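*Asks:* Following this message is one structure expressed as structure tokens.
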Amino acid sequence: MSQLTIDCLEEIFEYLEYDKITLYSCLLVNRLWCKISVRILWKSIRNVNTLIAYLPNESKEILFRNKIITSTLTLNSPIFKT
């Protein structure tokens, strides 16, 4: 698949930013569509624990040692990987 196709898909998906239902459907089409959709959906995430879960383990350990996060539950890695 050419880079132009990826760029075009990203541009199209940007228009779906506020149409979450359609954007969620794009997650299921294939891996490329999923990666692009997730990137756009992540722009609106406001849950700090979700964001912390995607940090590298070293960063999470630093946050935990400095008492910025208090739960070891946030140290678990997420199931979804792009």
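The values are calculated or read from the model by the stated rules, or taken from the named source; none is laboratory data. Quantities reported herein were computed from a predicted structural model and do not represent experimental measurements. Cβ sites come from the backbone with ideal geometry, for glycine too, and all protein chains shown count toward neighbours.
*Asks:* Could we say that GLU58 is surrounded by fewer than 10 Cβ atoms within 10 Å (Cβ to Cβ), part of a helix (DSSP H, G or I) and either out of contact with any Leu (no Cβ under 6 Å at 6 or more places or on another chain) or not aliphatic (A, V, I, L, M) (or both) here?
*Replies:* So GLU58 passes the test.
*Asks:* Here's a check for you: in the stretch 45-55, which residue that is of a type outside the set (S, T, N, Q) and in a loop (DSSP other than H, G, I, E, B) is modelled with the highest pLDDT?
*Replies:* The extreme case among them is LEU55.
*Asks:* Specify which of the listed residues (ILE36, ILE68, ILE40) is in contact with a helix residue (DSSP H, G or I) (Cβ under 9 Å, 6 or more places away or on another chain) and at pLDDT below 85. It would help to see each step written out before you state the result.
*Replies:* On the way: ILE36 fails: at pLDDT below 85; ILE40 fails: at pLDDT below 85.
Every option except ILE68 fails the conditions.
*Asks:* To continue, here is another question. Restricted to the stretch 73-82, and to residues that are assigned to a loop (DSSP other than H, G, I, E, B) and of a type in the set (Ser, Thr, Tyr), which residue is modelled with the lowest pLDDT? Lay out the reasoning, then the answer.
*Replies:* We begin by selecting, within the stretch 73-82, every residue assigned to a loop (DSSP other than H, G, I, E, B); these are 76-82.
Filter once more, keeping what is of a type in the set (Ser, Thr, Tyr): 77, 82.
Numbers: SER77: 62, THR82: 56.
Per the stated criteria, the residue is THR82.
*Asks:* Just for the stretch 61-72: of the residues that are of a type in the set (Val, Ile, Thr) and assigned to a helix (DSSP H, G or I), which one is surrounded by the most Cβ atoms within 10 Å (Cβ to Cβ)?
*Replies:* It comes out as ILE62.
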